[in-house]
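The values are calculated or read from the model by the stated rules, or taken from the named source; none is laboratory data. For clarity, every value in this text was computed on a predicted model and none was experimentally measured. Heads up, the Cβs are rebuilt from the backbone with ideal geometry, glycines too, and the neighbour counts pull from every protein chain shown. Keep in mind that these areas ignore ligands, DNA and RNA; they rest on the heavy atoms of the full protein, side chains included. Shrake-Rupley method; radii C 1.70, N 1.55, O 1.52, S 1.80 Å.
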Amino acid sequence: MGDRFMYDELLFKSPYHGTPEYYYNQYLREHQVKQNKGERGRDTERTKTYRAEWALYDTNGYGREFDSIAEVQKYVNKVTKSKTYRKLWQEAYESRKEKDFGAIFRGTQVSVAPKKRNGAGNAGIAYVEQNHIVLDTHTGMNEYTVLHELAHCVGHPHHGRSFRRTVVKLTSRFMGTEAANALKVEFKQRKLPYGEPRKPKTFDQWVAAKARMENIRND
């Protein structure tokens, strides 16, 4: 989604302040932010997403364990060359190209390196604008952590809906449907959406809903 406004076709152009059209435009902007929390401003769903993933480890594990960074790099090359990854990357690029035009030149190839301080901090870190992942060789050498960081490198530096949608798709493709379903369960339990964004109300629907709420308040 980047800096692009998703609902240009619904937006009223230069409405007068205080008119229904003005407030509808505000509703559209607020709706967009709610669909992908963390994309703008604070990454508010980060901790809840981490907790869901920690619970996934208890119920399903994190998949394959890697013995070396070279082995991880080989796996990453396989993932980033896949049709699934390329499709997800292209979708993300179309929505963020105004903010990160250079992504088209970097492409989908991602490099991997070990952390200098292992055993402290995050298991993995993704440097999205460098197409680079750093892994803790004590805690981050597993399949799910790698896919988590690759979901960032697709073009989602936060932990909002679009990130979770991407990590579910990568998990399903490379770890299997059982692992993906277990991840979905953990997201659902924490009320973390991971599917397509909800469509906003049309102007007429918004006006009707607003009128119903006012009638309820006046009863």
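Over the chain, what relative contact order in percent results from Cα pairs under 8 Å that are six or more residues apart?
This gives 24 percent for the chain.
Which percent, to the nearest 5, of DSSP beta bridges fully inside the stretch 86-219 are antiparallel?
Bridges in the stretch 86-219 that DSSP calls antiparallel: roughly 50 percent.
Of Y194, Y23, S68, whose Cα points farthest to the positive end of the dipole of the chain (charges on the beta-carbon: +1 Lys, Arg; -1 Asp, Glu; origin at the Cα centre)?
Among Y194, Y23, S68, the one farthest towards the positive end of the dipole of the chain is Y23.
Determine the shape class of the stretch 15-65: with a ≥ b ≥ c the square roots of the Cα gyration tensor eigenvalues, call it rounded for a/c under 1.5, and otherwise prolate if a/b is greater than b/c, oblate otherwise.
Judged from the Cα gyration tensor, the stretch 15-65 comes out prolate (a/c at least 1.5, a/b above b/c).
Relative to the Cα centre, what is the charge dipole magnitude of the chain, using +1 at the beta carbon of each Lys and Arg, -1 at the beta carbon of each Asp and Glu, and rounding to the nearest 20 debye?
Magnitude of the dipole: close to 120 debye.
Under 10 Å, Cα contacts only: if you run a Gaussian network model on the chain, which one of V146, V185, V207 comes out with the highest mean-square fluctuation?
V207
How much mean residue ellipticity at 222 nm does the chain get from its helices, if each DSSP H run of length 4 or more adds -39500 (n - 2.57) and you divide by all residues, to the nearest 500 deg cm²/dmol?
Using -39500 (n - 2.57) per qualifying helix, the result is -17000 deg cm²/dmol.
Within the chain, what's the longest run with no GluC sites (Glu not before Pro) in a DSSP loop and at most 12 other beta-carbon atoms within 10 Å? Give the range, please.
99-219
Counting only protein heavy atoms and using a 1.4 Å probe, what share of the accessible area of the stretch 1-133 belongs to carbon plus sulfur, as a whole percent?
51 percent
Past the 20 angstrom mark, what percentage of all C-alpha to C-alpha distances in the chain do you count?
Summing the P(r) of the chain above 20 Å gives 63 percent of all pairs.
Which entries in the list K48/K201; K115/K184; K74/K115; K74/K188; K34/K116; K13/K34 go over 25 Å, if you measure between the two C-alpha atoms of each?
Those over the limit are K48/K201; K115/K184; K74/K188; K34/K116.
Compute the FRET efficiency between D67 and E196 as 1/(1 + (r/R0)^6), taking r as their Cβ-Cβ distance and R0 = 45 Å, and round to the nearest 0.05.
0.75
Return one number: the angle in degrees, 0 to 90 and rounded to the nearest 10, between the long axis of the Cα atoms of helix 46-60 and the longest principal axis of the Cα atoms of the chain.
Roughly 50 degrees between the two axes.
Can you give the charge dipole size of the stretch 79-206 about its Cα centre, rounded to the nearest 20 debye, using +1 on the beta carbon of Lys and Arg and -1 on the beta carbon of Asp and Glu?
220 debye
Leaving out ligands and nucleic acids, and using a 1.4 Å probe, what accessible area per residue does the stretch 113-160 come to in Å²?
So the stretch 113-160 comes to 39 Å² accessible per residue, rounded to a whole number.
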